[in-house]
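Here is the structure we will look at.
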Amino acid sequence: CAVKAAQVLSEIVKNEEMKKPCIEADLVLTLIPLLESTDQDMLLHAGRAIGRICYDNRDLQEELVKVGVITSLVRILTDYAESEPLIHVDLLALCNLADLDTAKEALSKTKVAEQLVKQLRRARNHERLEMVFEILQALAENDALKVQLVEAGVQEALSEILLRLQGSSQAEDTCIVKAASDLIVSLLLGENYLPGGILKTLPSRMQTVLQRVSFCCSGEDLLISSKDGNCVRMVQLGVIHQLLDLLQKHAESEDVSVQQAALSALRNLAIPVVIKVQNLEEGVAERIHTLVRSEMPPVQFKLLETLRTLADGQADAAEILGQDPVLLHRLVQWCSGADHTGVHGEANRLLASILSHNRSQEVVKTIQEAQGVKHLVSMTTSNHTATQNEALNALTTASAIDLDTLEESFKESQLVQSLHKLLQDDKTSPEVKCNSLGLLCSLLNSDDLRQEIEEDKIKETLEQLCSHSNANVVKEAAMTLQLLRGET
């Protein structure tokens with residue numbers, strides 16, 4: 001009668017009110033030995049009853065792990081892999097237990113990784129896939145299980161799923177692709193080195209995976225809590241080399257999706273200051289120069305954005321980029337003739353970033369020889385305050401480093417006249433006015449530019465600004481006026 005009794009019990013406990021009497025009657029402990037049965041009906045009904053009684057009851061779940069239920073579940077998964085009803089009940093049980101640290105510890109001593117990878121390959125319906133992914137995501141939080149999953153070939157199984165769902169626009173398929181990509185990101189974030197080079201084993205839908213890596217590093221994914229830590233761990237795992245290999249492989253491809261995604265991931269990996277130098281040592285700047293020749297605006301935009309992030313706050317990176325005549329020549333081309341507004345804007349911003357963060361006369365000279373200065377002067381008249389400030393800060397830094405080299409370019413591009421217009425315009429923001437005044441102070445160190453400033457009658461404008469409503473503008477105007485008058 002045991003099978004019939006287990007079946008009746010599994011139906012009774014569908015009623016929430018019946019769970020407590022079953023727990024008080026110690027029925028859970030009575031049912032557990034039945035999981036050692038070889039009768040599939042017994043396993044099915046006993047498993048359902050235990051699962052329903054213990055659902056959402058953490059204390060009971062911990063008790064199940066203590067009395068060795070994990071071993072029974074993995075045995076069922078191994079011995080009855082072809083029995084759909086049994087596997088369904090078994091996976092449900094693992095879903096409920098997988099979040100427990102004690103369960104993860106117990107599972108790490110079994111061959112559950114191999115069995116789950118087999119089920120991942122066998123699964124064809126969305127419900128089953130989602131169930132397996134939920135278990136795998138939980139297990140991937142444990143370093144020992146993470147390594148076991150990779151050794152069991154989980155990355156190849158994920159690749160097969162991504163290939164199978166390639167190009168599908170169905171919402172259910174999109175959810176599966178996202179879950180597979182999230183799992184890859186979780187595997188990449190391990191403390192231990194993971195064998196096999198996960199990214200190298202995923203030949204298709206790579207852009208989706210890389211987007212998840214990118215989101216993870218930028219902190220946009222709610223599952224990830226520490227973006228800097230994630231980036232550092234990914235760099236330690238050698239992800240940069242794999243991304244660069246992908247870029248090189250797809251450099252000539254007409255399908256730009258992988259290039260865009262890889263560049264986005266590289267950009268976000270370059271954000272934390274602590275690993276900018278390591279990015280340089282890994283050869284990021286040099287290797288992505290191969291994409292400079294790309295005629296695809298989306299790739300051009302991502303390339304420029306990545307290089308700007310790398311240069312941001314890092315003088316070494318700025319100096320490497322700022323002394324590359326091939327890159328600067330292409331930048332100036334994009335500054336003057338890019339049809340794509342985003343590319344045009346990013347090219348100007350990268351040029352400004354290189355000048356702002358570098359400390360080298362060689363960089364100033366190289367940019368001046370590439371005729372990039374006039375584009376920075378044009379930036380000061382932008383409709384966007386942030387862009388104006390970036391240009392003004394770059395020109396001020398460059399002037400402090402080597403004003404003699406820039407003097408002629410400043411005169412040709414009518415920088416003094418542009419600054420005067422900014423100072424006269426009531427619509428100019430206080431911050432832009434302050435930065436304009438700071439640059440003006442630097443220009444006064446040149447006799448020729450001082451003469452231009454005097455001839456343009458900027459002195460009168462400075463006197464008016466001394467009664468400006470913004471205190472910082474007043475302070476900067478007074479200081480500039482003193483310098484113009486020759487006072488110290």
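The values are calculated or read from the model by the stated rules, or taken from the named source; none is laboratory data. Source: prediction; values computed, not measured. Glycine gets a Cβ as well: all are built from the backbone with ideal geometry, and neighbour counts include every protein chain shown. Heavy atoms of the whole protein, side chains included, go into the accessibility calculation; ligands, DNA and RNA do not. Shrake-Rupley method; radii C 1.70, N 1.55, O 1.52, S 1.80 Å.
Assess whether residue 393 counts as being in contact with a Pro (Cβ under 6 Å, 6 or more places away or on another chain) and open to solvent by 20 Å² or more (accessible area, probe 1.4 Å). Show your work before the answer.
Values: in contact with a Pro (Cβ under 6 Å, 6 or more places away or on another chain): no; open to solvent by 20 Å² or more (accessible area, probe 1.4 Å): yes.
For residue 393, the condition - in contact with a Pro (Cβ under 6 Å, 6 or more places away or on another chain) and open to solvent by 20 Å² or more (accessible area, probe 1.4 Å) - is not met.
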Those residues of the stretch 69-89 that are buried (at least 21 other Cβ atoms within 10 Å of the Cβ) and closer than 18 Å to residue 108 by Cβ come to a total of 6
If you take just the helices (runs of 4 or more DSSP H) that sit entirely in the stretch 43-160, which of them hold at least 2 residues that are among the acidic types (Asp, Glu) and within 21 Å of residue 6 (Cβ to Cβ)?
84-97
Pairs, first at pLDDT 85 or above in the stretch 313-340, second of a type in the set (Asp, Glu) and part of a loop (DSSP other than H, G, I, E, B), C-beta under 9 Å, six or more apart
318/312
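So, residue 416, is that one open to solvent by less than 80 Å² (accessible area, probe 1.4 Å), in contact with a Pro (Cβ under 9 Å, 6 or more places away or on another chain) and either assigned to a loop (DSSP other than H, G, I, E, B) or over 22 Å from residue 354 (Cβ atoms) (or both) or not? I'd like the intermediate steps shown before the answer.
Values: open to solvent by less than 80 Å² (accessible area, probe 1.4 Å): yes; in contact with a Pro (Cβ under 9 Å, 6 or more places away or on another chain): no; either assigned to a loop (DSSP other than H, G, I, E, B) or over 22 Å from residue 354 (Cβ atoms) (or both): yes.
For residue 416, the condition - open to solvent by less than 80 Å² (accessible area, probe 1.4 Å), in contact with a Pro (Cβ under 9 Å, 6 or more places away or on another chain) and either assigned to a loop (DSSP other than H, G, I, E, B) or over 22 Å from residue 354 (Cβ atoms) (or both) - is not met.
With the structure loaded, tell me whether residue 460 is outside any helix (DSSP H, G or I), out of contact with any strand residue (DSSP E or B) (no Cβ under 9 Å at 6 or more places or on another chain) and surrounded by fewer than 16 Cβ atoms within 10 Å (Cβ to Cβ) or whether it fails that test.
Working: outside any helix (DSSP H, G or I): no; out of contact with any strand residue (DSSP E or B) (no Cβ under 9 Å at 6 or more places or on another chain): yes; surrounded by fewer than 16 Cβ atoms within 10 Å (Cβ to Cβ): yes.
In short, no.
Kindly indicate which of 139, 116 is at pLDDT 85 or above and under 24 Å from the mean Cα position of the chain (by Cα). Please lay out each step first, then the result.
Working: 116 fails: under 24 Å from the mean Cα position of the chain (by Cα).
When all the criteria are applied, what remains is 139.
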Considering the stretch 48-64, residues that are under 37 Å from the mean Cα position of the chain (by Cα) and of a type outside the set (D, E, K, R), and then whichever is farthest from residue 89 (Cα to Cα), we arrive at 57
Which of the residues belonging to the stretch 35-64 are open to solvent by 20 Å² or more (accessible area, probe 1.4 Å), modelled with pLDDT of 90 or more and of a type in the set (A, V, I, L, M)?
44
